Amino acid sequence: MEKHIAISTAFLYNSSIEDTLNFIKNSGFDFIELAVVENLLDVDFNEIVNLLDNYRLKVQSIHAPFSYLYKKGWDNFNLSIERCIELAECVHSEYIVTHPPVVSRFKYSYAEYIQENKEYFDFLELNQRENLKILSENLSNWNNDEYWCYSGNLGLFTKTLREKKIPLTLDISHLAMGRYNIISIIEETSDITELVHFSDFSNNIEHLPIGYGTLDYDMIFSHLDRSKNIVLEMDFCTPQRKKYIDRKTDMKLEEILFQQNRILRSLNTDKSESKLILNGR
């Protein structure tokens, strides 16, 4: 498969999908991760195909809906993935990204969690296709430790993925939130990583634009396998993240997106000029 640099449509989930695609095209991206979030749940698949054709955008991956977004037509995990498979066939996507189940950390031991959510991992194992891979994404422990995710124990999570031949979406800001050694995890999971979600991180805030947080993104990118597909996954809607970004810059959204595109393309070369781009050059 040809390697691409894409941007997730989730960065503007409270606007229409057409407005989101317009921002993306004007910023110079050609590939997207189509996130099934609020602005996509009620859109007809044929309308999505027409919008993609109008903006000349290609779908590299589809992000399945989070559990709290289940609604009529996307009522549970299996049904939502089946609909994502249908959508992937319509838009010729290579990947579907899923989140492992998140549960109360006081309800299950780790072993009980595996057994309780066996259906999730079995479903992914049985539905892999040659031209459409269903990936599982690492998450971090979050929400004041009240809830946790199977992938919070990353070693056992990746062990299960290897056993079941389920590819990994490696999310860099989730690794930062989990206080992992990012470089070590990149190298340890290279054999199962198909897709990388890239964004910055600061003060427990994930999915920031590159250069707006504390991560050494030049160092991180230098350790990524250049054959891996990259998705820039940002969030300009969640109040905490929006407030943080507004304090860091007075640039307009379209200017930030254009800047991020330039940074990613620079990072993907042997001589990164990302710092110069961030400084306005």
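The values are calculated or read from the model by the stated rules, or taken from the named source; none is laboratory data. Just so you know, these numbers come straight off a predicted model, no measurement behind them. Methodologically, a virtual Cβ is constructed for each residue, glycine included, from the backbone with ideal geometry; neighbour enumeration extends over all protein chains shown.
Within the span defined as the stretch 222-239, every residue fails to be assigned to a helix (DSSP H, G or I), touching a Ser or Thr at 6+ places or on another chain (Cβ under 8 Å), without any contact (Cβ under 8 Å) to a residue 60 or more places away in the chain and not polar (S, T, N, Q).
Tallying residues that are more than 18 Å from Ser15 (Cα to Cα) and either among the hydroxyl-bearing types (Ser, Thr, Tyr) or touching a His at 6+ places or on another chain (Cβ under 8 Å) (or both) within the stretch 233-262 yields 2.
Here the stretch 59-98 is the region considered, the condition is being surrounded by fewer than 20 Cβ atoms within 10 Å (Cβ to Cβ) and hydroxyl-bearing (Ser, Thr, Tyr), and the residue that is modelled with the highest pLDDT is Ser67. Across the stretch 25-58, the qualifying residues are those that are among the β-branched types (Val, Ile, Thr) and over 16 Å from the mean Cα position of the chain (by Cα), and the one among them that is farthest from Lys228 (Cα to Cα) is Val43.
The set of residues in the stretch 169-187 that are under 21 Å from Glu125 (Cβ atoms) and surrounded by fewer than 23 Cβ atoms within 10 Å (Cβ to Cβ) is empty.
Within the stretch 243-257, one or more residues are without any contact (Cβ under 8 Å) to a residue 12 or more places away in the chain, among the basic types (Lys, Arg) and not in a loop (DSSP other than H, G, I, E, B).
Yes/no per residue for (1) surrounded by 16 or more Cβ atoms within 10 Å (Cβ to Cβ); (2) at pLDDT 85 or above:
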site	(1), (2)
Pro100	yes, no
Ser109	no, no
Lys118	no, no
Phe121	yes, yes
Leu124	yes, yes
Glu130	no, yes
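The set of residues from the stretch 27-58 being in contact with an Asp or Glu (Cβ under 8 Å, 6 or more places away or on another chain) and at pLDDT 95 or above comprises Glu33, Leu51, Arg56, Leu57, Lys58. Based on what the data block shows, is Leu135 touching a Pro at 6+ places or on another chain (Cβ under 8 Å) and modelled with pLDDT of 85 or more? Criteria met by Leu135. Taking the condition of being over 26 Å from Leu132 (Cα atoms) and among the hydroxyl-bearing types (Ser, Thr, Tyr), how many residues in the stretch 185-241 meet it? Number of matching residues: 6.
Only residues that are of a type in the set (Gly, Ala, Ser), farther than 18 Å from Gln260 by Cα and either in contact with a Cys (Cβ under 9 Å, 6 or more places away or on another chain) or in a loop (DSSP other than H, G, I, E, B) (or both): list them for the stretch 1-60, please. Within the stretch 1-60, Ser15, Ser16 qualify.
Conditions tested, residue by residue: (1) surrounded by 16 or more Cβ atoms within 10 Å (Cβ to Cβ); (2) over 19 Å from the mean Cα position of the chain (by Cα).
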residue	(1), (2)
Leu156	no, yes
Phe201	yes, no
Asn204	no, no
Leu215	yes, no
Glu233	yes, no
